[in-house]
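Everything below concerns the one structure shown next.
The values are calculated or read from the model by the stated rules, or taken from the named source; none is laboratory data. Since this is a predicted model, take the numbers as computed values, not measurements. Here the Cβ is made from the backbone with ideal geometry for all residues, glycine too, and neighbour counts use every protein chain on show.
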Amino acid sequence: MILVVDVGNTRIKAAVFEGAILLEIFVFTKIELEKNIENILNKFQKVAHLVVSSVGDVEKQSFLAFDSVLNICFVSNEDPFPFQNKYTTPKTLGIDRMVLAAGAVFQFPNQNRLVIDAGTCITYDFIDHQNNYLGGAITPGLRLRYESLHNYTAKLPLLALESPKELIGNSTPNSIHSGVVNGLVYEIDGFITEYSTRYSNFIIILTGGDTDFLAKRLKNTIFANSNFLLESLNQTFQYKIKND
Ligand SMILES: Nc1ncnc2c1ncn2[C@@H]1O[C@H](COP(=O)(O)OP(=O)(O)OP(=O)(O)O)[C@@H](O)[C@H]1O
Ligand SMILES: CC(C)(CO)[C@@H](O)C(=O)NCCC(=O)O
Ligand SMILES: [K+]
């Protein structure tokens, strides 16, 4: 059994895998890290490997307490990945984006793929059918957009995510909801349209904390899977064992 841990910018998501089967998911914060890992290991005593991908400020030392009972793998860009990395700054490429790209190659072989991760930040990653990782885009996520409007103005309130009823916002809250939600939906559909002018065929994978909210609002057909990073992390580790 394998415990994979995705340390994001806001939250930590963990999952226990038996082979390719996802048994259970856990979501928690950095402060509760050790306690949660302990509880998971108590519940799943057959876990032998702990696989971590971190873009947050959680380092390898945070898992040292489990070093004696588990094999700990902290995924890094030195590990083997199933694509050629064409990013011109490969050392600064987020490890979450590398794991997502690996997952796209494993789950959707021999085709062009666009991965959209709607988390704290939204990332776009394109991997062509010859498994070249080309790059993509980074933009603020849904919640970050609401927070930025509030934090960097004097008058705008901090609102919780809500579906806009109208295109034309007829009040301050409705203008914000239309701007943030409609704006992001048009942005994603717009990106997909632009990619279509360069690649006649590609599949689109949508993942991250806002997957379900966004999936039903997009024009384009996508594979929505909020567990895609966790699944990809499991596959990346299997690949590492075979290729190291
Ligand atoms: N409890 C929650 N805390 C924070 N964000 C949440 C929560 N529930 C849903 N969300 C939504 O999820 C989005 C954040 O996604 P996610 O949880 O994947 O981010 P993350 O943990 O920082 O991961 P990453 O850094 O990989 O993006 C926010 O835009 C927000 O709308
Ligand atoms: C863009 C984020 C914050 C998304 O989690 C992460 O992938 C990251 O810190 N990336 C580093 C910059 C880059 O990917 O080019
Ligand atoms: K993200």
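Points worth noting:
- Test: residue in region 182-192 that is in the same structural domain as PHE106 (by TED's automatic domain parsing) and under 18 Å from ASP128 (Cα atoms): yes
- Here TYR124 does not qualify as away from ligand 2 (no atom under 16 Å from the Cβ), assigned by TED's automatic domain parsing to the domain that holds ASN220 and aromatic (Phe, Trp, Tyr).
- Within the set LEU230, LEU134, LEU142, the sole residue that is surrounded by 19 or more Cβ atoms within 10 Å (Cβ to Cβ) and under 30 Å from PRO109 (Cβ atoms) turns out to be LEU230.
- Look at region 1-14: where a residue is more than 12 Å from SER53 (Cβ to Cβ) and a partner is part of a strand (DSSP E or B) and within 11 Å of ligand 3 (Cβ to nearest atom), sitting 6+ places away or on another chain with Cβ atoms under 9 Å, you get ASN9/CYS121.
- Residue within region 63-76 that is within 16 Å of ligand 3 (Cβ to nearest atom) and not charged (D, E, K, R) present: yes
- Residue in region 105-113 that is in contact with a helix residue (DSSP H, G or I) (Cβ under 8 Å, 6 or more places away or on another chain), within 15 Å of ligand 2 (Cβ to nearest atom) and in contact (Cβ under 8 Å) with a residue 60 or more places away in the chain present: no
- Those residues of region 111-139 which are in a strand (DSSP E or B) and away from ligand 3 (no atom under 11 Å from the Cβ), in sequence order: ARG113, LEU114, PHE126, ILE127, ASN132, TYR133, LEU134, GLY135, GLY136, ALA137
- Listed by first and then second residue, the pairs linking a residue in region 210-222 that is in contact (Cβ under 8 Å) with a residue 40 or more places away in the chain to a residue that is away from ligand 1 (no atom under 15 Å from the Cβ), with Cβ atoms under 6 Å apart and 6 or more places separating them unless they lie on different chains, are ILE222/ILE204.
- Pairs, first over 10 Å from PHE83 (Cβ atoms) in region 127-141, second surrounded by fewer than 16 Cβ atoms within 10 Å (Cβ to Cβ), C-beta under 8 Å, six or more apart: HIS129/ASN110; HIS129/GLN111; GLY135/LYS86; THR139/GLU187; PRO140/SER148
- Scanning region 52-102 for residues that are free of Cβ contacts under 8 Å to residues at least 12 places away in the same chain and acidic (Asp, Glu), we see that the one that is nearest to LYS13 (Cα to Cα) is GLU59.
- Pairing each residue of region 29-40 that is in the same structural domain as ARG11 (by TED's automatic domain parsing) with any residue that is hydroxyl-bearing (Ser, Thr, Tyr), provided the two are 6+ apart or on different chains, yields C-beta distances under 8 Å for LEU33/SER62; GLU34/SER62.
- Residue match in region 81-102 (condition: of a type outside the set (S, T, N, Q) and more than 16 Å from ligand 2 (Cβ to nearest atom)): yes
- Residue count, region 179-234 (criterion: away from ligand 1 (no atom under 11 Å from the Cβ) and either more than 15 Å from LEU100 (Cβ to Cβ) or among the hydroxyl-bearing types (Ser, Thr, Tyr) (or both)): 28
- Of the set (1) touching a Leu at 6+ places or on another chain (Cβ under 9 Å); (2) buried (at least 16 other Cβ atoms within 10 Å of the Cβ), all apply to ASP189 but (2).
- Residue check for ILE21: closer than 14 Å to LEU233 by Cα, within 16 Å of ligand 1 (Cβ to nearest atom), free of Cβ contacts under 8 Å to residues at least 60 places away in the same chain and not assigned by TED's automatic domain parsing to the domain that holds TYR124: no
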